[in-house]
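Reviewing the structure listed below.
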Amino acid sequence: MRRLRALLLRFCGLFQQSRKNAELQDELDSHLALHVADNIRAGMSPEQARREALVRLGGIESVKESYRDGRSLPLLETLLQDVKFAVRMLRKNPGFTCVTVTTLALGIGANTAIFSVVNSVLLRPLPYPDSGRLVTMRSNQSLPDLEDIQAQARAFEAGSGVTFQTLDYQASAEPLQIDGALVDATLFRVLGVQPAMGRTISSEEDRFGGPRVAVLSHPFWENDLGGDRNILGKNLRLAGGSYTVIGVMPGGFSLPQRKADVFLSLRVFYPEAAAARGVHFLRTYWRLKHDWTLAQAQAEMQPIDRQLEKLHPAENKGRQTRLIFAHEWLVGDSRPALLIMFGAVGMVLLVACANFANLLLSRAISRQQEMITRAALGAGSGRLLRQMLTESVLISMLGGLIGVALAQLGILGLVALKPANLATLPAIGIDRNVLFFAFAVTLGTGLLFGWIPAWSMLARRDPKLRERSRGESSNALHRQLRAILVVAELALALVLLTGAGLLVKGFWRLRAVNPGFNPDNVVTMSIQLPASRYAEVPRQTQFREQVLDGLNSVRGLKAAMVSEVPLGGSWLSHDFVIEGREPIAPGDEPSLQSRSVMGDYFDVMQIRLLSGRNLSPRDREGSPLVAIGNEALARADFPNRSPLGGRFRWAREDGPPKWITIVGIAADVRHFGLEQPDQPAVYTPYAQSFQPWKRWMSLVVRTPGSLGTVLPLIKGQVWKVDSQVPLTRVHTMEEVMASSMAQRRFTLLLLGIFAGVAVMLAGVGVYGVISYTVNQRRNEIGIRIALGAGRKDVLRLVLLQGAALTGVGLALGLAASLGLTRLMRSMLFSVSPEDPVTFGAVAFIMACVAVGASLIPALRACGVDPVTALRYE
């Protein structure tokens, strides 16, 4: 206690002494500043004025010693004094403070928000132990192939696969559909995750005909099952079967690819697909051994691929495994857009920093006499530089704090608007990495761009320069710096505006693409029939027919079914063989998109039938197999004749050939995206399906009213047939189309916002430079008006200066845009990165902004009073 008390007393003594020193320094500064200023006004040189002031204060040596004692403070205390002085100066100039802080807050906030996304998506590792050794394969695998690779590959500690299946779950009066992950038992070992309760699926349970067991995700257990602590051993009704709960995964755990509610054994739930070597539907994950690299593992896979191709040519001919780190695969589609966004906000920050430096330069001019007086009082270059940098860093810190707050709001907006392909990535937010980034940007901005005006002011400390500080030549350095900064602002803003303009034009053209169907007033929803009650095709056909009969009996409704709805993100392809063609080796057959329909699908979706006939109710089980092809099929596989009457069959089918006759040709639809043409495809009747596993469908209904008014009616008709079948993914076709363009819209929105902010800041920069020039030349302009210059002459004088800056900035911006917009080529649709119309339009917009910013000070210059100017001279 004594020691602590002594330390406190010592600290208090030091604090009182530092306060006395600070008071002494302030008193000396004020007295010396007054006397030096009076002597300079009397015509003395700065050095002579300082000596005379010291003499008047009681002698050079004594006052120098006292002044030195007041200055001999610890570095920390002098820094605190600098901060206090900077705060006082900023409080005296609230307008300047608000503008500079707001400018930096916009730039730092935008960069922090985008960096939080980049950090979460590109930099943050996957949430699994030692996730840097987790790899996947670019192509999917079948379970038999997975088993062969597990047995032969030495590069991996373990490997596993997963596919996803929607499951109906009866939890309330209305049936629900949940997401099930069908897994190989080693998946949890590969990911390195242990359950929070119970255990995971064992190898003894993961076998054909094994027991029905389920592992629950933590959100499903907590939200849908009420967090029942006694859930282990209880049974759940999933997809018509009873499954025993054996474990619950920890909170925050999800699979890399997407979230799932329950985890089931693939071999138990879906034995037909699990046993098929040609069904490549498993996303596989592998954990590299510590002493193996990705390149070594890739080399090991080559002989395994060749062996699989040799043993099973029909299913694996030409298949080559390409390994990739799991994190890289997950973010691959998002990386280019995110990096472009990060570069865009970097440009916004540079524009904001240029404005910041310009504002500090303007303020340095107003404080020129203060700096001269400080130098005359003995302040060295380092002392002056530190004081000016303290002020700039303080401003940048205030801007950084507000910028982080704005970034948090921006993150909320980004999360709400983010495309579906970012939905399963880790939560986006501000963590230590983001805060460190924001701090580094803030400090770097304050030091680097605060140094520019400080350096320009210190460069003027030559006595000859100071003596003619009011002359035009003494301000040349400031004018050059301000002009350079404004030119840089204009060039950067033009680059951003050009990128946004190209995206707008491409997006506009994309929206104008004909999707091949009419999306107006069409509702779509997904239905998955459980295998326990709909294992056979006739039972499935009965359900579909009864549902469509009920819906089509309602006045105003037209209903049909299709296995894969256009733009829905799913598709199914089969290898096929055309009758009469040369025999093809197994594995070399071409691929064909297979779409099953029920009802008058083409009429409901308003897809044009180009030739032949439509499918009819007579095309059912027992009648000749028929199909309708699309234009892409006709072009690719029947280039020299009409495909009508041609026959094909699915490759490698069991039993005698089942030939399917093409009876009609329909127009192509944009099935895979508005920017992608359709692939060869056929539409076959559900009623003629010999694929009992195809139990899914999308119900499409053309309605006379809104979704809200017809949805209860549609649900009621479906549940009249089977009250335990859930309806999921209920959307209008307009929403489906909008979702398919979400990535482009997201990028366009962000780049448009950044470009708008940059253009606004560039306009403010031009306005500031021209206003500064007008103030500096006020006397000259007044004399010109006194000598007879008219309003047009003054306007021309001022606007020509703005036009010169604008011209240089636009030229540099256009040159930079020609190089940088090529990086956006993959993001543009039907637009060249060098599109002359877009370049011309954005250059015109920037010119209008710059002229508008120059016009305000130009009009103010016309109001200069020549009498006042002549009196001043």
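The values are calculated or read from the model by the stated rules, or taken from the named source; none is laboratory data. A quick note: this is a predicted structure, and the numbers were derived from the prediction, not measured. So basically every Cβ, Gly included, is an ideal-geometry build from the backbone, and we count neighbours across all protein chains shown. Remember, those area values only see protein heavy atoms, side chains included, never the ligands or the DNA or RNA. Shrake-Rupley method; radii C 1.70, N 1.55, O 1.52, S 1.80 Å.
Tabulated data
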| read-out | value |
| --- | --- |
| Net charge of neighbours whose Cβ lies under 12 Å from the Cβ of residue 740, counting Lys and Arg as +1 and Asp and Glu as -1 | +1 |
| The range 608-687 - percent of accessible surface contributed by carbon and sulfur, probe 1.4 Å | 51 |
| Phi-based couplings in Hz for the range 585-593 (Karplus 6.51, -1.76, 1.60; Gly and Pro marked x) | 5, x, x, 9, 5, x, 9, 9, 5 |
| Long-range Cα-Cα pairs in the range 532-647 (distance over 18 Å), rounded percent | 63 |
| Fraction of alpha-carbon pairs over 20 Å apart in the range 587-660 - percent | 37 |
| Links that overshoot a 24 Å alpha carbon limit, given the list 694/720; 289/310; 234/694; 694/715 | 289/310; 234/694 |
| FRET efficiency estimate (nearest 0.05) - Cβ-Cβ, residue 696 to residue 310, R0 35 angstrom | 0.50 |
| Among 683-694, 80-91, the order from most to least packed when residues are scored by Cβ within 10 Å on average | 683-694, 80-91 |
| q = 0.18, 0.29 Å⁻¹: log10 I(q)/I(0) that the Debye formula gives for the range 166-225, counting C-alpha atoms only | -0.78, -1.33 |
| Most to least packed among 733-739, 263-269 [average Cβ atoms within 10 Å] | 263-269, 733-739 |
| Computed P(r) (all Cα pairs; the range 299-361; 10 Å bins; percent) | 18, 21, 18, 15, 12, 9, 6, 1 |
| Other-chain or far-sequence residues with amide H under 5 Å of residue 611's (modelled H) | 665 |
| Backbone HN-Hα couplings from phi across the range 672-684 [Karplus 6.51/-1.76/1.60, Hz, Gly and Pro as x] | 9, x, 5, 8, 10, x, 6, 9, x, 8, 10, 10, 10 |
| Heavy atoms of residue 207: accessible area, 1.4 Å probe, square angstrom to 10 | 120 |
| Rg in Å to one decimal, and Dmax rounded to a whole Å, for the range 787-849 via C-alpha atoms | 16.9, 60 |
| Cβ charges +1 (Lys, Arg) and -1 (Asp, Glu), total dipole of the range 605-714, debye | 240 |
| ³J(HN,Hα), Karplus 6.51/-1.76/1.60, whole Hz, each residue of the range 391-400, x for Gly, Pro | 5, 5, 5, 4, 4, 5, 5, 4, x, x |
| The range 124-166 - convex hull of alpha carbons, volume per residue in Å³ | 119 |
| Linear extension gain, residue 848 paired with residue 823, 0.36 nm per residue minus alpha-carbon span | 6.3 nm |
| Highest to lowest packing among 114-127, 790-803, scored as the average C-beta count within 10 Å | 114-127, 790-803 |
| Distant alpha-carbon pairs in the range 215-258 (separation over 13 angstrom), percent | 57 |
| Within-13-Å neighbourhood charge of residue 814 [Cβ basis; K, R +1; D, E -1] | -2 |
| Förster radius 56 Å - calculated FRET efficiency between residue 237 and residue 93 (Cβ-Cβ, nearest 0.05) | 0.20 |
| Difference of contour (0.36 nm per residue) and Cα-Cα distance, residue 272 to residue 484 | 69.3 nm |
| Efficiency of FRET from Cβ geometry, residue 603 and residue 832, R₀ 35 Å, rounded to 0.05 | 0.35 |
| Solvent-free Debye scattering, log10 I(q)/I(0), computed from the Cα coordinates of the range 231-330 at q = 0.17, 0.21 Å⁻¹ | -1.05, -1.22 |
| Longest to shortest principal axis, alpha-carbon extents of the range 76-155, angstrom | 77, 29, 13 |
| Rotationally averaged projected area of the range 97-201 (alpha carbon convex hull; nm²) | 13.1 |
| Ratio of the Cα radius of gyration of the range 573-712 to 2.2 N^0.38 Å, where N counts its residues | 1.12 |
| Residues with amide H under 5 Å from that of residue 576, placed H, sequence gap 5 or more | 592, 651 |
| In Å², nearest 10: area of residue 92 left accessible to a 1.4 Å probe | 150 |
| Residue 508-residue 800 pseudo-label distance in nm [points 7 Å out on the Cα-to-Cβ vector] | 3.7 |
| Solvent-accessible ranking of 834, 582, largest area first, probe 1.4 Å | 582, 834 |
| Amide proton proximity set for residue 646, modelled H, under 5 Å, gap of 5+ | 662 |
